[in-house]
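Undergrad: The structure under discussion is supplied below as structure tokens; questions concerning it will follow.
Readers should treat all values here as calculations from the given coordinates under stated rules, not as data from a laboratory. Every value quoted in this text rests on a predicted model; they were computed, and no experiment measured them. Cβ atoms come from the backbone with ideal geometry, glycine included; neighbour counts cover every protein chain shown.
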Amino acid sequence: MPAAPARKTFAARGAALLMVLVLLVLAWLQLRADHAAALRDGERLTGAMANAIEQHLGGSMRAIDDLMQTIAADPGRWRQPDDAAHLAARLQGFPELRYVALIDANGRFIGRPVPDDATVLKDLSLADQDFFLAQKTAAGPDRIRIGAPVVDPSNGERTVPLSRPVRDAGGHFTGIVLAALNPDAYARFLGSVLLEKAGASAVIDMNGVILARAPDHAAKFGTSVADSDLFTKAISSRHYGVLRLVSKADGHDKLLGYRMLDRYPLVVTSGLSAHTALRHWRQLTTVESVLILLFSLALLYWARQADLRQDRASLNQQRLEAMVEARTRDLSDSRELAERRARRLGAVNQELKRLAQVAAHHLQEPLRPIVSYSQLIRRKLGNQDDELTQWLDYMESGGLRLKILLRDFQRYATSLAEEPRRDRIDADAAFAAARQTLLPRLTQCGAELQAAPLPPLLADAAMLTNVFTQLLDNALAYRHPARPLKIAVSAVEEGDFWRFSVQDNGRGVPPGLTEKIFDAFERLGQPSPHATGLGLAICRAVVLAHGGRIWMESGETGSTVHFLLPRAPGAGG
């Protein structure tokens with residue numbers, strides 16, 4: 001009977017495509033986490049800068065308030081020439097004030113302002129000004145009130161009036177102390193601590209009117225942002241914080257840190273554009289996209305080659321089956337079908353095992369020239385281009401992470417497909433080998449490692465060593481940043497099994513995830529660069545292959561991984 005036409009094999013390409021899809025999902029999740037982390041960093045920066053601005057302006061306003069209280073306590077004294085000269089000298093230390101003046105109960109200037117060369121219309125009445133009327137009719141405790149910002153049409157000077165009431169011995173209103181605040185001084189300070197021009201910083205009164213800003217102070221002075229998210233959503237619920245918004249003042253999408261002054265009706269802000277906050281994230285995304293593309297192309301190429309080899313093997317197998325069928329017609333159809341299926345299944349399983357091992361091994365080859373040439377480019381450039389050097393850092397870091405991932409993938413594939421040996425081994429020796437492998441990292445982080453005597457058992461020595469290595473590596477990757485790492489290893493007899501326990505005082509695993517953590521590519525939080533999400537999956541595959549079981553117990557003080565392995569015959573506790 002002629003052999004049937006060979007069917008084309010797509011198993012390897014299907015597996016490769018699945019791996020690429022998994023890698024894309026993992027990369028997307030990682031990039032999304034990095035995106036959120038970049039925004040959190042920007043929020044911390046703008047919040048800290050808003051706090052620094054609030055401290056500076058709060059100190060300035062308290063000093064001005066103290067000065068005005070001193071004048072209001074004895075207004076007659078400051079009309080004396082000597083005391084007026086002393087006050088003028090004190091004002092030299094207040095670059096944020098243009099002048100200070102006394103206003104009577106009718107809103108008229110009393111004498112000359114200090115300093116006496118200040119530009120003031122002496123006959124001007126302030127009786128109809130909002131801040132004067134507010135002080136005159138105020139029923140609560142005396143405090144500074146901030147008036148509407150003013151621009152002098154004659155010289156373009158910008159001024160913000162500050163007022164504090166003056167009362168006689170009976171507590172009756174007799175006028176106000178007027179301090180002309182120079183907002184340009186605050187704008188210069190904001191410019192000196194500006195995170196970036198697109199981000200902007202500002203001082204705003206509680207009516208939403210901008211009193212000082214950097215940049216564009218002159219253009220934005222006196223404009224209102226009362227309908228912005230800052231006033232309609234943020235300040236009404238919290239007196240400080242960070243929010244993301246599109247600025248009403250300049251139209252930029254930004255992270256805005258804000259704080260209200262404790263004793264004065266002012267809000268200070270510090271902004272950072274979202275474009276700047278995410279700049280490094282965009283660079284990282286570009287580099288990782290290139291690496292994933294290269295890896296995907298290489299993986300699909302090797303998968304296609306594997307499918308072609310499988311097609312040739314299948315064709316040869318079909319020819320052989322035809323010859324066997326011609327010589328063994330007396331065998332039953334059911335037995336012949338079962339044998340053919342068994343052979344096909346064995347061949348496919350063997351090929352898949354070899355594909356996983358060969359792919360993990362050979363896919364590292366494209367990584368070597370990528371890393372090597374990036375290092376050569378770095379040495380060639382020297383310190384000529386910091387941005388390109390940073391991109392090369394990302395490329396080398398991504399290549400190293402991909403190399404570690406391929407290494408662990410090869411170990412994982414081997415643990416799934418390989419039948420373990422059943423030798424009588426010493427578990428102490430397997431643990432000692434694992435500890436020696438990770439000794440530099442254990443020493444570097446100052447880890448304290450305690451191991452009780454471990455029993456002999458029937459197992460594969462290399463696989464058991466790999467289990468101990470992965471569990472120690474997992475403890476290192478997820479150690480708690482606030483306490484020295486402690487690891488304890490022990491074993492107790494439990495029926496026909498030995499129960500091994502590896503305990504650490506690391507960060508622990510959230511409730512409900514102690515089973516999920518053994519899934520392939522599962523990682524929690526921000527692990528070390530060595531973590532690939534395959535370590536515990538490898539441990540589970542090895543333990544199951546030995547007929548055992550593995551599980552985790554976790555709490556606030558750390559985690560303990562337990563696994564059961566069969567006892568060696570004749571071995572006691």
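Undergrad: Which value in nm describes the separation of the simple spin-label points at ALA488 and THR223, placed 7 Å from the Cα toward the beta carbon?
TA: Going from the ALA488 label point to the THR223 one covers 6.5 nm.
Undergrad: Something else now. Compactness ratio of the range 423-566: Cα Rg over 2.2 N^0.38 Å, N = residue count?
TA: On the way: Rg = 14.2 Å, N = 144, 2.2 N^0.38 = 14.5 Å.
That works out to 0.97 for the range 423-566.
Undergrad: Still on this structure: Starting from 0 in steps of 5 Å, tell me what percent of the Cα-Cα pairs of the range 41-283 lands in each bin.
TA: For the range 41-283, the binned pair fractions read 1, 6, 13, 17, 17, 15, 11, 8, 6, 3, 1, 1, 0, 0 percent.
Undergrad: If you don't mind, another one. Take the alpha carbon atoms of the range 287-330, find their center, do the same for the range 84-111, and report the distance between the two centers in whole angstrom.
TA: The range 287-330 and the range 84-111 have Cα centres separated by 92 Å.
Undergrad: Enumerate the amide H contacts of LEU449 below 5 Å, restricted to partners 5 or more residues apart or on another chain; note that Pro and chain-start residues carry no placed amide H.
TA: The list, which skips near neighbours in sequence, is ILE487.
Undergrad: So what's the gap between the Cα centers of the range 23-80 and the range 186-228, to the nearest angstrom?
TA: Between the Cα centre of the range 23-80 and that of the range 186-228, the gap is 13 Å.
Undergrad: With a Cα-only, solvent-free Debye model of the range 1-160, what are the log10 I(q)/I(0) values at q = 0.13, 0.17, 0.20 Å⁻¹?
TA: -0.81, -1.15, -1.42
Undergrad: So how do 65-73, 186-194, 30-38 stack up, highest first, on mean other-Cβ count within 10 Å? Display every interim value, and only then the final one.
TA: Details: 65-73: 16.3, 186-194: 18.4, 30-38: 14.0.
Ranking the peptides 65-73, 186-194, 30-38 by packing returns 186-194, 65-73, 30-38.
Undergrad: What is the Cα coordinate range of the range 224-284 on the first, second and third principal axes, sorted by size from largest, in whole angstrom?
TA: Over the range 224-284, Cα extents along the principal axes are 44, 21, 16 Å.
Undergrad: Let me ask another. Neighbouring Cβ atoms within 10 Å as the yardstick, rank PHE497, PHE173 fewest first. Walk me through the intermediate numbers first.
TA: Working: PHE497 18, PHE173 15.
Going from sparsest to densest Cβ surroundings: PHE173, PHE497.
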